[in-house]
Amino acid sequence: MKILLVDDDTTILELLAIILENTFSPELVERCTRPDHAIEAIKKQDFDLIICDYEMPPHGRGDEVFNFVIDGDVKSKFVLFSSEDKKNLTILKDENFVAPQFFYLSKPSRPKDFKEFIREVLDDAPTITSTSAFNPIRIHNFLRFSGTQCPIYIKLSTNKYVKIINAGAEYDLEFIDKYISKGIKQLYIERNDYDDFLVRFGKTSFLTSKETSSQDFLKEAQKSHRYLSTLMSEIGISEYVLDIANQISTEVIEKATEEKSLKKLLAKLIASKDYAYDHTYLITCICSHLCKELGLSNSVLERLSFASLVHDIGITDSHSCYIHDIEPKNISNQDKEKLDMIQDHHFILEEYKNLPDITDDLTNIMNHHHLFEESYPFNQKLQLERVNNVVAIFLVAHCFANQLYTYEFDSSKLRDALTVVKHNFSTPNFAKILRALEIVYIKNQPK
């Protein structure tokens, strides 16, 4: 059995997945955060059930998925799960929605109620009848956080579980990482904590993170590095390259914080645990790969890592940061304050006079890193054939990082992502860089 969850809120996605996988079977859920990606998933495989949010700005609405199900004669059962006022849900008035395969559930729903509702929808689906006193939670949920509100266990054998974190205790990245390195994919909570855990997870998170101070935001950065490295290793970036990226990035952050006013922006960026900082570090990882393949020194990577760290630092709203990179056609929908912030972020470093490595390369990168986003409204012209190696590497890495987000890090879409990048950078001075990037795709192919 397979279930497709579609919601732009990743916390809700994870909560619903935990409920479903503990009710029916592990690994049965596929997650999508956008209607168009959900449609692509439905084209590729059959789902027994699709659970879909309605409003998912700026990517669209659930009725796009509903219409595809109708037009494509898809047989999956379909649950519209929305917090929108019913009178605004035109989808419910569609004559097709009365068919027995379609259902509506109002959000929010108590975890128990959600579970019982889905069990009724899937009335013939086998449920888990385990007598275990523990419920599994995917281990990667723990990577970005530092504490838990209930005790956490590992499973040693069918009936043996050992507590590794006490309720209310804090832990560090290395503690979780040592279990990941041993191939452990799930940690466990006690069954009698499960219902309270679901309620807390839905409202905030059962995992906690302290307010980040200037002393420990480097540790927060390394948590994000470890989490993101799992994505990049699946794409084909080597562990060696990722280790170098982590080392150089950490050193660059330490140097950049010598400018006190910039340090405040960096602390906010790193503490966000969302797209804004993820994007900067992914570019560093890609630059690290390119530098290794091209035989360039770590000093070059340091300059690229610094450029990656600060190139969007003037955009302090993470949603706007995502829009300006991945959905530039929607920039015009932002209010004036956010529009001004997006436009001005190209020039924010002019305010800081004591930054390391303020060079013409960085100026070019700041001004031109949106060169190939055709709907980006603040582009400046640049003659590609005249840019040097450092700027060229950054432009390629930035473009590729955006494509990875567009394709949701789906390794089967690497060829498509590379095709876009190669199309954009066709001048001779980019040829070696593109060949170095293509090695990621070659390493990702089955042997």
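The values are calculated or read from the model by the stated rules, or taken from the named source; none is laboratory data. Please read these numbers as outputs of a predicted model, since none were measured by experiment. Glycine also receives a Cβ, built like all others from the backbone with ideal geometry; neighbour counts cover every protein chain displayed.
Quick notes on this structure:
- Test: residue in the range 300-315 that is under 14 Å from residue 397 (Cα atoms) and part of a loop (DSSP other than H, G, I, E, B): yes
- Selected residue [surrounded by 16 or more Cβ atoms within 10 Å (Cβ to Cβ), within 25 Å of residue 317 (Cα to Cα) and modelled with pLDDT of 80 or more] from 403, 343: 403
- A residue that is on the phi < 0 side of the Ramachandran plot, in a helix (DSSP H, G or I), hydroxyl-bearing (Ser, Thr, Tyr) and surrounded by 15 or more Cβ atoms within 10 Å (Cβ to Cβ) occurs nowhere in the range 415-426.
- Of the criteria (1) surrounded by 12 or more Cβ atoms within 10 Å (Cβ to Cβ); (2) outside the structural domain of residue 77 (by TED's automatic domain parsing); (3) more than 28 Å from residue 229 (Cβ to Cβ); (4) at pLDDT 85 or above, which one residue 116 fails: (2)
- The condition of being crowded, with 16+ Cβ neighbours inside 10 Å and touching a residue at least 24 places away in the same chain (Cβ under 8 Å) holds for only one of 56, 1, that being 56.
- Annotation: of all residues in the range 23-49 being over 27 Å from residue 188 (Cβ atoms) and among the charged types (D, E, K, R), the one that is surrounded by the fewest Cβ atoms within 10 Å (Cβ to Cβ) is 44.
- Criterion violated by residue 129 - all others in (1) modelled with pLDDT of 80 or more; (2) loosely packed, with under 13 Cβ neighbours inside 10 Å; (3) closer than 30 Å to residue 102 by Cβ satisfied: (1)
- Answer residue from the range 381-400, given it is among the aliphatic types (A, V, I, L, M) and at pLDDT 90 or above and is surrounded by the fewest Cβ atoms within 10 Å (Cβ to Cβ) among those: 392
- Enumerated strands (runs of 3 or more DSSP E) restricted to the range 1-54, each holding at least 1 residues that are within 21 Å of residue 92 (Cβ to Cβ): 3-6, 49-52
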